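The values are calculated or read from the model by the stated rules, or taken from the named source; none is laboratory data. As the structure is a prediction and not an experimental result, all values here were calculated from the model. Using ideal geometry, Cβ is built from the backbone for each residue, glycine included, and neighbour counts are taken over all protein chains shown. We work out accessible area using only protein heavy atoms, side chains counted, and drop any ligands, DNA or RNA first. Shrake-Rupley method; radii C 1.70, N 1.55, O 1.52, S 1.80 Å.
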Amino acid sequence: MAHRGRVSLAERVYAELRHDLATGTLQPTERLRAERLAQRYGVSRTPVREALARLQADGLVQRHADGLYLYRPRLDELDELYELRIVLESRGFQRIAVTGPAHPRGASAHDLPAVRAELARWRGFRDDPPEPGPDLVAADEQFHTELLRAAGNSALAEALTAVYERVRPVRTLDVPNAERVAAMTAEHIVIAEQVLAGDDERALRTLTAHINSSRAHVRVRAEQAIAFTKLGRAVRD
C-alpha cells in the first residue's frame, strides 16, 4: 500500500511539474533543484527526483554542468521540430489519399464530426477572440492533433503531441498580438472548411503554409530574443 501511495505521489508531481514547465510558470532559465521543487509541491525530494528523471527521459528536461533545466531547443532544433510537424500532419492526408475516400460525393475520409467540432470552436474564437497565453496555445495544439487524429491514426497524433511538448515553452512565452491571433483563427477555419468540403489536397496546402508561417514567426521572434539578450549583456543599469 505504501509503495502504491508513493508512486501516486510521484505521478502527481510529474504531472504538475510538466504542466508548470510547459506553461512558463517555471522559467526556462531556472535551475530545477529538488529541494526547492519539493517545497513548491509540498512533498519530499524523492517524488520530485522521480518526476525529474521521467521528464529527462521524455526529453523535456536537460542536464547541464550545474544541474537540470527545462529543455530549450537551439534555432536549428526549432526548425527541425517544425519540419517534423509538417511530416506528421501531412501524413494524415497522405494516408487518406492511399486508402481512398470513404464517403459519398467525394467527401473527406476524415472523421467529419470531429472536424466539425473544431470548426465550431474556432468560429466561436473568431467572434470572441481568446486571450493570448497558455490556453490559446493549448487550443491551437488541440486543433492540429484532433485534425490528425481524425485522419484515423492516433499514433501519429501522439507523436505530434510529443513534438508540441518540446516547442510549447517557446510558444507560451511568445505572446501573440491580436492580429496574429486573428490570422491563426482564420487559417484554422479555412483548413477545417476545406476538409469538410472534401478538398483534402487544398487543405493540405493550406495547412502546410500555416505551419511554415508559424515556423518563420517563431524563428524570427527567437532570433530577436537572442539579439536582445546579447544587447542586455553589453550595457549596465
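Quick check on segment 46-80: of everything there that is among the charged types (D, E, K, R), farther than 10 Å from residue 13 by Cβ and without any contact (Cβ under 8 Å) to a residue 60 or more places away in the chain, which residue is least open to solvent (accessible area, probe 1.4 Å)? So that I can check it myself, show each step before the final result.
Start the filter on segment 46-80 by keeping residues that are among the charged types (D, E, K, R), which leaves 49-50, 54, 58, 63, 66, 72, 74, 76-77, 79-80.
Still in the list and also farther than 10 Å from residue 13 by Cβ: 58, 63, 66, 72, 74, 76-77, 79-80.
Checking which are without any contact (Cβ under 8 Å) to a residue 60 or more places away in the chain leaves us with 63, 66, 74, 76-77, 80.
Working: 63: 152, 66: 83, 74: 137, 76: 74, 77: 39, 80: 107 Å².
The residue in question is 77.
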Based on what the data block shows, is residue 195 at pLDDT 90 or above and out of contact with any Pro (no Cβ under 8 Å at 6 or more places or on another chain)? yes
